[in-house]
Each structure stands twice: as structure tokens, then as C-alpha cells.
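Just so you know, all these numbers are worked out from the coordinates, no wet-lab data involved. All values reported here derive from a predicted model rather than from experimental measurement. So basically every Cβ, Gly included, is an ideal-geometry build from the backbone, and we count neighbours across all protein chains shown.
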Amino acid sequence: MIIVTADSGESLAGCLQRVLAEPEVSEVWLVDNASSDGVPQREAAARQSDGRLQLLQQTRNLGFGAAVNRGAMRAGGTHLLILNPDCLLAAGSLGQLLASLQRDPRAGLVGAVVCDAEGRPDPASRRHDPLLRRALATLLRLHGDAGVAVAGAWPPERVVCDAVSGALMLLPRRAWLAVGGFDEGYFLHCEDLDLCRRLRDAGYRVWLDGAVRVEHGKGGSSRHRPVFVSWHKHRGMWRWFRRFDPAARRPWLAGLVWCGLWAHFLVGLPVRWLSR
């Protein structure tokens, strides 16, 4: 299991407590991207008697995907669980996800329905590829299944989808190695979309287990750096578009998308700046 922190806050304690209570967990690599709050070091020291927890300290913020890759290089086992530090696993969730994954020999990844504290599912738990036409439909708030989020009721069991939330991802190690892990060209955001797409392109299936719910605190490290996070989110969107969207092959359209993305960033800048 790999958990990446970057000034993620006190939610890490609850995350680790739930994780280490799961019998399937043989090791946890806590990769800290140069946090200044001291929380990862404190939590690792408090659990030093549990040999499963290892702290991998970085001297600078490498970005989410690069930090996960560092942890994955050291982790053993046949499966990798990537979990955000503000996620709370319910008892038995990991066993259920493993069983779901093992039912399909071509499964490359399984995710869960990520919810807020009130139990409301995050639409990012089950997504279409964010092609330009879908992104525009989402921006224009068009109804139906035209946007990035998948429309309709949440499935009660597992379903195949384009992408799941990067807050929780369980993969067989063979699938992870087949695609080379996360693309480190993304610093923060959209690396999960990229990974799901490359797994599918390699012939694997991406599953969402609708029966598994995980509470997610929505980014402790993001709340005090909204401009930084927004910058990298827009940068990630541009990278994904250039790599995977057929519309990017038209230079004039790619130019319009680039202008639209950064105009969207600039328009939202005052609000994000004031919300720090």
C-alpha cells in the first residue's frame, strides 16, 4: 500500500488506523513530499512498533505520481493499493476489492465509490475519458450522459468504466509494471485519468466496485494551496488532451483549447487567491 502526503494534515492518523486494521495489509509505504507540518513523521514514530509501516521521506515535493512511483519501487506483494491520506477505509473494504479484482483475469485496476462525510458520492469515482466534447458538455451543464461524469444511479456492484478516482486505486503489480506506473509528467491531478487510459490501451479493464464506499476528506493539502493546485490541474488537463484526444491533432483546435484552459484558470484566480 502507498500513501502520499504533502502537508495533508491530521486526517492521516485516522487513515493509518483504518488501514493497519485490515488483515490483508502486509506493508504501508508512507511517502512524504517534504511536508512542513510534521504529521507524517509523528504518525510514523507513534507506530514504529508496527513493522508494516515505512516512512519514505522526500527532500522536495515530487508531485503525486512521482511519489507513488517511488513507493511502488520499494513495495512488495502482488498488488498495489494507492490511497489518499484523507481516505477512511471501512472494515473489510480491501478484502472485497481484492476479490472483485481477482474475478477478472484482465482486470488492471479497481476503484471504489468515494464519498464525502455525509455519504454523497463524488462524480469523479466513475468517469468517461475527458474528451473535449465531454469536457464542454460538463462545462455547459448539459444533462444526460454527455459529460465526463457517468450519468444515472450508482451501481450496486462492480461495473467496467473508463476511469475511477485516484483517491483509491487497487492494481495487480503485473498491470502496474506493464504500463510503467504513473506518468511523472503530471504533477498533481489527471494522472489517474492517464493511468486508467493507458491500462485500457494495454488491454486491461478498469472496474468500479459500487458496493465499496470510502469516505474522502477532499484534500487537506489542497485547501491551503488552491492556486497551486488549480495551476497543476489545468496543466494536467492540457497534457491529457494532447496525449489522448483526437481533437488535439487539429492545430487550430488545440490552440483554442490551450487558450480556453488558461483563460478558465485566470478567471478563477481571484476567488482561489482569496480562499487561501
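For the pair A90 and F228 in one chain, pulling the backbone fully straight at 0.36 nm per residue adds 46.5 nm over the alpha carbon distance. Electrostatic tally near I82: other residues with Cβ closer than 11 Å to its Cβ, Lys and Arg +1, Asp and Glu -1, net -2. Amide hydrogen proximity for L109: with H placed 1.01 Å from N in the peptide plane, the residues at 5 or more positions away or on another chain lying under 5 Å are R205, W207. Site pair R141 and V271 shows an inter-label distance of 1.1 nm when each label is modelled 7 Å from Cα along Cα→Cβ. Legend: calculated FRET efficiency, M73 to A202, from the Cβ-Cβ distance at R0 = 25 Å, rounded to 0.05, equals 0.80. Once mean projected area of the Cα convex hull in nm² is calculated for the structure shown, the corresponding label among (1) 14.4; (2) 15.4; (3) 17.5 turns out to be (1).
Taking a sphere under 14 Å around the Cβ of L16 and counting the other residues whose Cβ falls inside, with K and R at +1 and D and E at -1, yields a net charge of -3. If R0 equals 35 Å, the separation of the Cβ atoms of A13 and L177 corresponds to a calculated FRET efficiency of about 0.65. Only helical runs count toward this figure. For the chain, summing -39,500 (n - 2.57) over DSSP H runs of n ≥ 4 and dividing by all residues gives -12500 deg cm²/dmol at 222 nm.
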